[in-house]
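Chemist: I have a structure here, written as C-alpha cells, and I will follow up with some questions on it.
Every read-out reported here was derived from the displayed coordinates using simple, explicitly stated rules and does not represent laboratory data. Given the structure is predicted, the values throughout are model-derived calculations rather than measurements. Neighbour counts are summed over all protein chains in view; Cβ atoms, including those assigned to glycine, are modelled from backbone coordinates with ideal geometry.
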Amino acid sequence: MDGTPAAYHLDPGFGAGNNSWIVNLEGGGWCNNARTCKFRTRSHHGSSDLMERRIAFTGIMSASPAENPDFYNWNRVKIRYCDSASFAGNTFDKGTGLYFRGQRIWEESIQHLLSIGMASAEQVLLTGCSAGGLAAILHCDQFSAFFSGRSTTIKCLADAGLFLDAVDISGGRSLRSYYADIVYMQGVAQHLPPTCTDHLDATSCFFPQNIIDGIKTPIFLLNAAYDVWQIEESLAPNRADPNGSWRTCKFNRSACNAYQLKFLQDFREQMVASVKGFSRSTSNGLFLNSCFSHCQSKLPATWNGSPAIQNKGIAKSVGDWYFGRAEVKAIDCPYPCDNTCRHII
C-alpha cells in the first residue's frame, strides 16, 4: 500500500511433484479507512520493505511428507498480502498516497508464475486462509481462466474464509458495515464475481455466502463453525458490546453463559445453512468442524493433527477431495461434541 513492489515466496517442487503447484494467498485482515490503512504501511501487511525475506512453510505448505503427505513435493508459492482487501482492491488514493492494487498484483503474480513454469502444470491448487481464504473464493474462477484450453487440474481451497453477513449481539451488522467501507474505498466492486453482482449489491458480493454457489471451479471450504475471528470481531466486537458482557466469553468459551452459547449455536446454524446449496455439487468439498479455531491448514497440529470428523482429519479430507479418492462433505455435530478439536479460546 506504500507503493513498494509486490512479493512472493517460493519453495520449488521436486520428484513427482515437480509439475504441480500450490499458490497460497496470504491473509491478515483488512483496513477500512485512511487512518487504519496508513498504519498498515508501517508493517509487512502494507510494505514489502518490511516483509521477511524467508518464512517458514508449514501445514499445507510444508515440504515434510509426514506433515503434508499429498502436497509436500509440489511447487509451493505464498503471495504476500498487500492491499488489505483480499487482493481485490484496484485504486490509488492521491490524498493519502495509498496504493490499493491487490487485483493487479494478483493478476501479475499469476502471469509471472505461469511464465516460470506453472503454465505447463499438471495440477494446481489455489489456497488461502482468513482474508486469504476470502481471496481464494473471490479469485477461484479467475485462477481457472488463466489455464483455459489446458488440461490442468484446477481446484481451490478456502480456509477460514467463510465470513458470514451475520447480526451482531447488538442487533446490528458490524461486519457488513466494515466490508462496505472496504469495497467503496478500494474500488473492489468492478472485480467481484458477476454471477453475484448481476443481482446483489457489491458489499453483499464480498460475502462468500453469496458467491460460493456460483463458482464453477471445484472448491473446498474448510472452516471452524465457531470461527474465533468472527466471534471476536463480527458477532461481539467492542462497539457492539459497550457494557462488556461478552468480553470474557469471546476469549474463553468455558466462560460463556447459556444465552451466549445459544447465540453461538445459532451462528453455527447460519454457517451450516449457508453451504447447503454449495454442498450439492459433487465437485466441491467441505470440512466444517465444531471447533473454536481459525485457519486450520497452516499449522501441523491442525492440518495433519488431531481435528477430525468421523475419524478423518483435515489433510486427509482435502487430499481425498483433490485427488478424487472420496467425496468429502463433512459437517460436525454441534459443540461440545467433538473432542478432537484444538480450540484456541
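Chemist: What full-extension length gain, to one decimal in nm, is calculated for Lys276 and Arg239 as 0.36 nm per residue of separation minus the Cα-Cα distance?
Modeler: 10.2 nm
Chemist: Now for a different question. Report the calculated FRET efficiency for Ser151 and Ala258 (r = Cβ-Cβ distance, R0 = 51 Å), to the nearest 0.05.
Modeler: For R0 = 51 Å, the calculated efficiency reads 0.40.
Chemist: Quick one, could you list the DSSP H helices from the chain stretching 15 Å or more along their long axis (Cα atoms) with average Kyte-Doolittle hydropathy of 0.0 or above?
Modeler: Span-like helices in the chain: 131-145, 174-185.
Chemist: Right, something else. Enumerate the lysines that Lys262 could reach by cross-link, defined here as Cα to Cα under 23 Å, with residues fewer than 8 away along the same chain left out.
Modeler: Lys250, Lys276
Chemist: Provide the FRET efficiency to the nearest 0.05 for the Ser120-Arg54 pair, computing r from the beta carbons and using R0 = 22 Å.
Modeler: Plugging the Cβ-Cβ distance into 1/(1 + (r/R0)^6) gives 0.20.
Chemist: Which distance in Å, rounded to a whole number, links the C-alpha centroids of the range 152-210 and the range 235-305?
Modeler: Here the two parts' Cα centres lie 18 Å apart.
Chemist: Further, regarding this structure: Can you give the extra length, in nm with one decimal, that the chain gains between Ala189 and Asn18 once fully stretched, where that is 0.36 nm per residue apart less the Cα-Cα distance?
Modeler: That works out to 57.9 nm of additional length.
Chemist: Hey, which lysines would be in cross-link range of Lys78, C-alpha to C-alpha under 18 Å, not counting anything within fewer than 8 residues on its own chain?
Modeler: Lys155, Lys298
Chemist: If you don't mind, another one. Ranked from highest to lowest mean number of other Cβ atoms within 10 Å per residue, what is the order of the peptides 309-320, 221-232?
Modeler: So the peptides 309-320, 221-232, ranked by packing, come out 221-232, 309-320.
Chemist: Another one. Starting from the Cα gyration tensor of the range 183-289, take the square roots of the eigenvalues, sort them a ≥ b ≥ c, and report rounded, prolate or oblate (rounded when a/c is under 1.5, otherwise prolate if a/b is larger than b/c, else oblate).
Modeler: Oblate.
Chemist: Place the peptides 142-151, 38-47, 80-89 in order of packing, highest mean first, counting for every residue the other Cβ atoms within 10 Å and averaging per peptide.
Modeler: Output ranking for 142-151, 38-47, 80-89: 80-89, 38-47, 142-151.
Chemist: Counting only other residues whose beta carbon sits under 14 Å from that of Phe163, what net charge do I get with K and R as +1, D and E as -1?
Modeler: -4
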